[in-house]
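> Before I ask anything, here is the structure I am working with.
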Amino acid sequence: MKLSEINNISGRTVVVTGGSSGIGLATAECFLAADANVAICGRDKNRLNLAYQELSSKFSDDRIFAKLADVTSKEQVEDFAKSVIDNFGGVDTLVNNAGQARLSKFADTDDLAWNEELNLKFFSIIYPSKIFQTCLEKSPSGSIVCVGSLLALQPERHLVATSAARAGQLNLIHSMAQEMAPNIRVNSILIGTVQSGQWLKRFEADKNSGNDYDAWLKEKALTKGIPLGRFGKPEEAARAIYFLGTPLSSYTTGSTIDVSGGYSRHVG
Ligand code: NDP
């Protein structure tokens, strides 16, 4: 069988949470380019509208659906899921991508911050996965891909709550993979540093950044010692998500793909 036949996802439906920026937006574009239908959500109306406009300038708008939804709100995810199913009739791939990191050390992370971070990292996976589960089970290629972080395995001091939450999240994802097999495959990618909305915000907040975003990113990559010498691009993360979210990876579940430019210090 030809690779293009295995990989024919024309007419299948992909949900990307946090699809209005960065990795999520690049993922939406990647699946649209493969002829799938794509539904995205996010919290900021303006950002979501801009993303919808960008996608519909390149692809037929009857294959694109966008709706405001905060993934930490069960009601909003239920409402989003109902609209997606009304619109496309079913869902084949769920990409749990929405989220952001929290910069803080143990000494300055208060109880509220711990609660917010643990809530985001766990319920951004739990609500969409539970709510779309029945629908994914009906698909011939049901798949969940979670966008995680290398911090799960390699914590950093200035990201203490995010690192701990990512470790728990990865553990949860592996349990889901066991329980949802054989109907739904569940995998994740572990990101190191990918240039996105989050990094642009950090650049803008850095008073010593100067004006050149590219030079700032290059400097950060060198300081960190990323072996490939640069930040990843959102589309490079999207291609790994694409592999895990399509029948290309039909015998892979409970697995992770490292997208860190060699920053991982682990064997295996
Ligand atoms: P961006 O800031 O570019 O994109 C984040 C997206 O998630 C936006 O669309 C944002 O929209 C949405 N989002 C955030 N919180 C919520 C929420 N509660 N409900 C719904 N949507 C939400 O960043 P990235 O592309 O970098 O982030 C994508 C994922 O990758 C995140 O989970 C991030 O933590 C993870 N990651 C990224 C790394 C990197 O180096 N870029 C490193 C490790 C992990 P809005 O704000 O409008 O809701």
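> Search segment 171-183 for residues that are over 18 Å from residue 250 (Cβ atoms) and in a helix (DSSP H, G or I) and pair each with any residue that is among the polar types (S, T, N, Q) and modelled with pLDDT of 95 or more when their beta-carbon atoms are under 6 Å apart and the residues are at least 6 apart or on different chains.
Sorted first by the residue in segment 171-183, then by its partner, the pairs are 173/188.
> Might you let me know whether segment 103-115 holds any residue that is surrounded by 14 or more Cβ atoms within 10 Å (Cβ to Cβ) and farther than 28 Å from residue 190 by Cβ?
Within segment 103-115, none of the residues are surrounded by 14 or more Cβ atoms within 10 Å (Cβ to Cβ) and farther than 28 Å from residue 190 by Cβ.
> Tell me, which residue of segment 162-217 that is among the charged types (D, E, K, R) and surrounded by 21 or more Cβ atoms within 10 Å (Cβ to Cβ) is farthest from residue 105 (Cα to Cα)?
Here the answer is 185.
> Among the helices (runs of 4 or more DSSP H) lying completely within segment 193-266, list those that include at least 3 residues that are touching a strand residue (DSSP E or B) at 6+ places or on another chain (Cβ under 7 Å).
Counting at least 3 such residues, we get 234-245.
> Only one residue in 140, 128 is at pLDDT 95 or above and more than 14 Å from residue 15 (Cβ to Cβ). Which one?
Only one candidate passes the filter, namely 140.
> Right, here's the next one. Residues of segment 22-42 being open to solvent by 40 Å² or more (accessible area, probe 1.4 Å) and within 15 Å of the ligand (Cβ to nearest atom), which ones?
29
> Which residues, taken from segment 133-159, are under 15 Å from residue 179 (Cα atoms) and more than 16 Å from the chain's Cα centre (by Cα)?
Once the filter is applied, which keeps residues that are under 15 Å from residue 179 (Cα atoms) and more than 16 Å from the chain's Cα centre (by Cα), segment 133-159 yields 133, 134, 136, 137, 142.
> Out of the residues in segment 197-214 that are within 26 Å of the chain's Cα centre (by Cα) and closer than 19 Å to residue 229 by Cα, which is nearest to the ligand (Cβ to nearest atom)?
By that ranking, first place goes to 199.
> Pick from 95, 77: which is within 18 Å of residue 189 (Cβ to Cβ), at pLDDT 95 or above and buried (at least 21 other Cβ atoms within 10 Å of the Cβ)?
95
> Take residue 142 and decide whether it is open to solvent by less than 40 Å² (accessible area, probe 1.4 Å), more than 16 Å from the ligand (Cβ to nearest atom) and among the small types (Gly, Ala, Ser).
yes
> State whether one or more residues within segment 96-105 are within 16 Å of the ligand (Cβ to nearest atom), in the same structural domain as residue 134 (by TED's automatic domain parsing) and over 21 Å from the mean Cα position of the chain (by Cα).
Yes, segment 96-105 has at least one match.
> What do you reckon, is residue 45 of a type in the set (Lys, Arg), farther than 21 Å from residue 233 by Cβ, surrounded by fewer than 19 Cβ atoms within 10 Å (Cβ to Cβ) and within 9 Å of the ligand (Cβ to nearest atom)?
yes
> Quick check on segment 174-184. Is at least one of its residues at pLDDT 95 or above and in contact with a helix residue (DSSP H, G or I) (Cβ under 6 Å, 6 or more places away or on another chain)?
Yes, there is a match, as at least one residue in segment 174-184 is at pLDDT 95 or above and in contact with a helix residue (DSSP H, G or I) (Cβ under 6 Å, 6 or more places away or on another chain).
> Sticking with this structure for a sec: Is one or more of the residues making up segment 52-61 hydroxyl-bearing (Ser, Thr, Tyr), over 29 Å from residue 150 (Cβ atoms), within 14 Å of the ligand (Cβ to nearest atom) and open to solvent by 20 Å² or more (accessible area, probe 1.4 Å)?
Yes, segment 52-61 has at least one match.
> Using the structure shown, decide if residue 98 is under 22 Å from residue 243 (Cα atoms) and small (Gly, Ala, Ser).
Taking the combined requirement at face value, the residue satisfies it.
> Here is a follow-up. Return yes or no: is residue 84 away from the ligand (no atom under 13 Å from the Cβ), in the same structural domain as residue 185 (by TED's automatic domain parsing) and open to solvent by less than 80 Å² (accessible area, probe 1.4 Å)?
Yes.
The values are calculated or read from the model by the stated rules, or taken from the named source; none is laboratory data. From a predicted model like this one, the values you see are computed outputs, not experimental measurements. In this analysis, Cβ positions are derived from the backbone assuming ideal geometry, glycine residues included, and neighbour counts consider all displayed protein chains. Side chains included, ligands, DNA and RNA excluded: accessible areas come from the protein's heavy atoms. Shrake-Rupley method; radii C 1.70, N 1.55, O 1.52, S 1.80 Å.
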